[in-house]
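One structure is given here, and the rest of the page talks about it.
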Ligand SMILES: [Zn+2]
């Protein structure tokens, strides 16, 4: 009580001190070395649970696509693309395309879904290894890597630039139809000269793992609770994944769509990367319909980090509804 009284007395006294006096008696500002402003983004990994499974999305950085209204969407006018970007309150002069891969700890197994760029495609897309480490995930602990398709931003991270395997203990699971396309020497030899890089990259990346590659088909159970769902079109064997435990489920959408503001919103639009645009659009509609109907959690490889949320039907298309960041796992 005495303390209370004295504090109140002091406060009253302080309030009574004229401003000029207060300024004169203020402590001098301590002299500190200027603290440098941070120069890098915070580590990019995010976790949530699906039943007893722990899902971690890992950011690998981003690509910049200049002038996305011209030539990025094959079947939409520049005006329509600009309008979609404006509706999403995004810049219209450049599109940031995020890259995120996913790790699932499921029943004692550590499963990686696609492997990122390995820092080999663009300086702005080279965060995967660092963020995996920040998430406390040792590449040696990964015992299965499941691939959705063989585009470079999904497979380059399987080895170093020099061709050394990065995941010493991982079994590799690849879509049958994807392997059949990219690993066929005949298909490669008939491809135009400037389109052979993708075939060569697949050989370079899977070569060091040759004895550990298994091929899977539509509906295959890749691990308990994890199933393949064919979603061909983006590439000949593009596949998405259903992850379920207890009464919870997740769809790992991979490249069912590129940036959601364009292609979740407008599922008939074809990005330049879609190898069979019509088939890709059919797959996209089927997978997004299912995600919306089931209110399933989804992860998109090229969705804004942490790349997790839900799909809601709206008009002729859909919206990506990002999941709120939770401090609790
Ligand atoms: Zn991709």
Ranked on Cβ counts within 10 Å of their own Cβ, fewest leading, 327, 141 go 327, 141
Only counting other Cβ atoms within 10 Å, I'd like 263, 63, 320, 305 sorted with the fewest neighbours first.
63, 305, 320, 263
Length gain on complete extension for the stretch residue 34 to residue 67, per 0.36 nm per residue less the alpha carbon to alpha carbon distance?
8.0 nm
Sorted by average packing, counted as other Cβ atoms within 10 angstrom per residue and highest first, what order do 36-48, 307-319, 242-254 take?
242-254, 307-319, 36-48
Give me the one-decimal nm value for the distance between modelled label points at residue 312 and residue 278, 7 Å along each residue's Cα-to-Cβ direction.
3.4
Relative contact order as a percentage, the range 186-329, C-alpha pairs under 8 Å and 6+ apart, gives 17
Quote the relative contact order of the chain in percent (integer), defining contacts as alpha-carbon pairs under 8 Å separated by 6+ residues.
16
Only helical DSSP H runs with n ≥ 4 go in: add -39500 (n - 2.57) per run for the chain, normalise by residue count and round the 222 nm mean residue ellipticity to 500 deg cm²/dmol.
-7500 deg cm²/dmol
Quick one: order 325, 182 by neighbouring beta-carbon count within 10 Å, fewest to most.
325, 182
Applying 1/(1 + (r/R0)^6) with R0 = 35 Å to the Cβ-Cβ distance of residue 194 and residue 124, what FRET efficiency is obtained, to the nearest 0.05?
0.90
What's the long-distance tail for the chain, i.e. % of Cα pairs beyond 32 Å?
35
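Taken together, the values in this text are just the output of simple stated rules run on the coordinates, not laboratory data. Since the structure is predicted, the reported quantities are computational estimates derived from the model, not experimental observations. Cβ coordinates were reconstructed from backbone atoms using ideal geometry, including for glycine residues, and neighbour counts include every protein chain displayed.
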